[in-house]
Amino acid sequence: MNTQLLTGLIAAVGLLANFAVGTSVAAQDGHAAHADHGHHHADFASDRMHVRVDGAEGGKDIILIPGLSSSPEVWDGTVEHLGNGWRVHRIHIQGFAGAPAEANATGPVAAPVAEEIARYITEQGLDKPAVVGHSMGGTIGMMLAARHPGLVGKLMVVDMVPFMGAMFGPPGATAQSVAPIAEQVYQGMATAAPADYQARAAASITGMINTESKRSGPLQDGATSDQQVSSSAFRELILTDLRPELSRITAPTEVVYVKFNDARMTPEITDAIYQASFASLPGVTLKRIDDAAHFIFLDQPDRFNAELDAFLAR
């Protein structure tokens, strides 16, 4: 991969960095904030996350993990499409979208949440559920499937690579070599003024969701996410290299993605980057969905749902 391509990747992933900086608001009770929506929260005590459950007992289990600064509501269309026969477990990460930060207030976020999801699967007695993760949720899904391979039945990663740090350094970049950049990004995000955070979040959502009518929910999620949690989580994503762990994943895995949001990044270049990124995961299926931005399931719900249906049926 040459420097020009990486420059394009940096421009693309910069949208994610901007989105991470939603302003912090007064903490609300994230465990009960959606009590009027007809779902319930699982009886699971955690200071890292809580779980919204839709569907009746006895349905096939699927876990949906949203991305950085996102809420369970981003999956509303997916849940509606899945319909009867599925029991859907939607993860709400503490510090994101109105949930109080709790243990996520400092330090890593993705890795501890992955461990909590593993504990949730075990304690709730779920039998190898399907796991779908978007963006940072995809990172968490890969962590879960690699570190607890016996717990995951199938894994779908939505628009995420296993080492985002490669986008912040020259060819051959490692987690160690990009650590100074990760710290610089973190400091810029963590200390930004609230007005700057709001402006960056709005600009990022514009770039990550092509469909204007679908932006209001994610915009609200960003605006009600904890600044420090989002900043720490983004630094963690830059520093996390899961490529050496991919070979431990035994669950059937599919990665759906879009062309990088940069004029220099053609579909063919994007395909090559994903192929190289997941080269150590035998049998992985890679599917590019065109005419969509980062939130694929919002921009192209029919195509995303068709791909999800086919994957779950295999």
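The values are calculated or read from the model by the stated rules, or taken from the named source; none is laboratory data. These numbers come from a predicted model, not from an experiment. Backbone-built Cβ (ideal geometry, glycine too); neighbour counts: all protein chains shown. Keep in mind that these areas ignore ligands, DNA and RNA; they rest on the heavy atoms of the full protein, side chains included. Shrake-Rupley method; radii C 1.70, N 1.55, O 1.52, S 1.80 Å.
Observations
- The amide H of Ala293, built 1.01 Å from its N in the peptide plane, has Asn210, Asp299 as neighbours under 5 Å, considering only residues 5 or more places off or on other chains.
- Rounded to 0.05, the FRET efficiency of the Ala263 and Asp76 pair, given R0 = 30 Å and the Cβ-Cβ distance, is 0.40.
- Amide H to amide H distances under 5 Å link Leu242 with Phe163, where only residues 5 or more positions off or on other chains count and H is placed in the peptide plane.
- With the gyration tensor restricted to C-alpha atoms of segment 260-305, the semi-axes of the equivalent ellipsoid amount to 20, 16, 7 Å, longest first.
- Here the accessible area is traced with a 1.4 Å probe on the protein chains. For segment 134-283, carbon and sulfur cover 57 percent of it.
- Segment Thr285-Thr174, length gained on full extension (0.36 nm per residue, minus Cα span): 37.4 nm
- Shape call, segment 242-285: gyration tensor on alpha carbons, a/c limit 1.5: prolate
- Of the beta bridges in the chain, as assigned by DSSP with both residues counted there, near 30 percent are antiparallel.
- The alpha carbon gyration tensor of segment 47-86 gives principal lengths a ≥ b ≥ c with a/c of 1.5 or higher and a/b no greater than b/c, which makes the shape oblate.
- At R0 = 22 Å, FRET efficiency that the Cβ-Cβ distance of Ala111 and Gln184 yields, to 0.05: 0.55
- Full extension of the segment from Ser247 to Glu123, taken as 0.36 nm per residue of separation minus the current Cα-Cα distance, would add 42.0 nm.
- Surrounding net charge for Ala97, when Lys and Arg each add one and Asp and Glu each subtract one, Cβ distance under 12 Å: -1
- When Rg and Dmax of the Cα atoms in Å is calculated for this entry, the matching label among (1) 20.6, 72; (2) 17.9, 51; (3) 18.9, 58 is (2).
- Partners of Lys128 within straight-line reach, counting lysines whose Cα lies under 19 Å from its Cα and excluding those fewer than 8 residues away in the same chain: Lys60, Lys154.
- Each Lys and Arg contributes +1 and each Asp and Glu -1, all at the Cβ; summed about the Cα centre of segment 137-217, the dipole is approximately 260 debye.
- Over all orientations, segment 203-314 has a Cα convex hull whose mean projected area works out to 8.5 square nanometres.
- Taking amide hydrogens as placed 1.01 Å from N in the peptide plane, the amide H of Lys60 sits under 5 Å from those of Trp86, Arg87, each at least 5 positions away in sequence or on another chain.
- Multiplying the residue separation of Ala45 and Arg314 by 0.36 nm and removing their Cα-Cα distance gives an extension gain of 93.5 nm.
- Longest to shortest principal axis, alpha-carbon extents of segment 104-231, angstrom: 45, 39, 28
- Here the spin labels are modelled as points 7 Å beyond Cα on the Cα-Cβ line, and at Gln275 and Thr191 they lie 4.4 nm apart.
- Solvent-accessible surface (1.4 angstrom probe) belonging to Thr224, in square angstrom, nearest 10: 20 Å²
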